[in-house]
Amino acid sequence: MFGAYEAGVWSVLRGRLEFDLVAGASIGAINAWAAAADCPGEAWIEQWLRPELASLLQWRWPRRPLAGCIERDAFERSIQEVHARLQPVKPCVVALTDVLRRRPHAVVTPAVEWQHLAASCALPGLFPLYRIDGRLTMDGGLLGSVPLWAAVEQGATAIVAVNLLPSGGPWWLRASRQAFLKMAHPGPPSPKGTRLLWIEPEAPLGSAREAMVWTRENAAKWIELGRRDAERSLQTF
């Protein structure tokens, strides 16, 4: 459902700002792929209003410790379809977390395959983890919900950053991230002089259940919130 908010943001930004590259983590990696392909905002919004999304998350008992509780077939088919249908015309940077090395790393087009998009969404315990090029990879937002470092690595000096969890999210997510950060090596900070425009919700978007369970009414509401917050932030840019 966070993706619906980001789709609303993109519908406002497209055509208003010129981007040299797009970077994303977690569901933001999927939206980054569409934005890098210059997908029209309203067309991308329709993706998040499709009734099929209601059946995308199919729960199961995990067969293996790293398999996750989400049935991977429907999840992977949806990502494969987006990856095949949309072709980036600008660099797309996908942020990932290397589980064993406890480090973030990024993959840039044309090297981005659908597995990288899926791996960036791979939240431990829920979505399956992926082994790519010898790396066990998972959610690119685990070390930080906004992968500023991935854009900076590619030379970005002015960044529009979409942060859906300005307070860090619920207590259990903040605690998990802090515990992981104590053992991890986060990405480098943004250098001095980097110009940042933050687009953030003014208030919490909803409960954890609302974030995980799709309804058209809720998706439409989050899309409009994304539009509103993007318009408000652009007035200060």
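Okay, which of region 1-23 sit inside 17 Å, backbone N to the point 7 Å along the Cα-Cβ direction of residue 158? Residues passing the 17 Å test: 13-23.
Ignoring ligands, DNA and RNA, what accessible area per residue does region 90-172 give at 1.4 Å, in Å²?
41 Å²
Relative protection proxy for 4-11, 37-44, 88-95, from highest mean packing down: 4-11, 88-95, 37-44 (other beta-carbon atoms within 10 angstrom). Oblate is the label for region 67-123, because a/c, from the alpha-carbon gyration tensor with a ≥ b ≥ c as root eigenvalues, is 1.5 or above and a/b does not exceed b/c. In region 190-231, the portion of solvent-accessible area held by carbon and sulfur atoms comes to 54 percent [1.4 Å probe, whole percent, DNA, RNA and ligands not counted]. Within the shell of other residues whose beta carbon sits under 14 angstrom from the beta carbon of residue 232, the net charge comes to -2, with Lys and Arg scored +1 and Asp and Glu -1.
Per-residue SASA remark: residue 83, around 30 Å² accessible (1.4 Å probe; ligands, DNA and RNA not included).
The values are calculated or read from the model by the stated rules, or taken from the named source; none is laboratory data. All values derive from a computational prediction rather than experimental measurement. For neighbour counting, all protein chains shown are included, and Cβ atoms are generated from backbone atoms with ideal geometry for every residue, glycine included. Note: areas computed on protein heavy atoms with side chains; ligands, DNA, RNA excluded. Shrake-Rupley method; radii C 1.70, N 1.55, O 1.52, S 1.80 Å.
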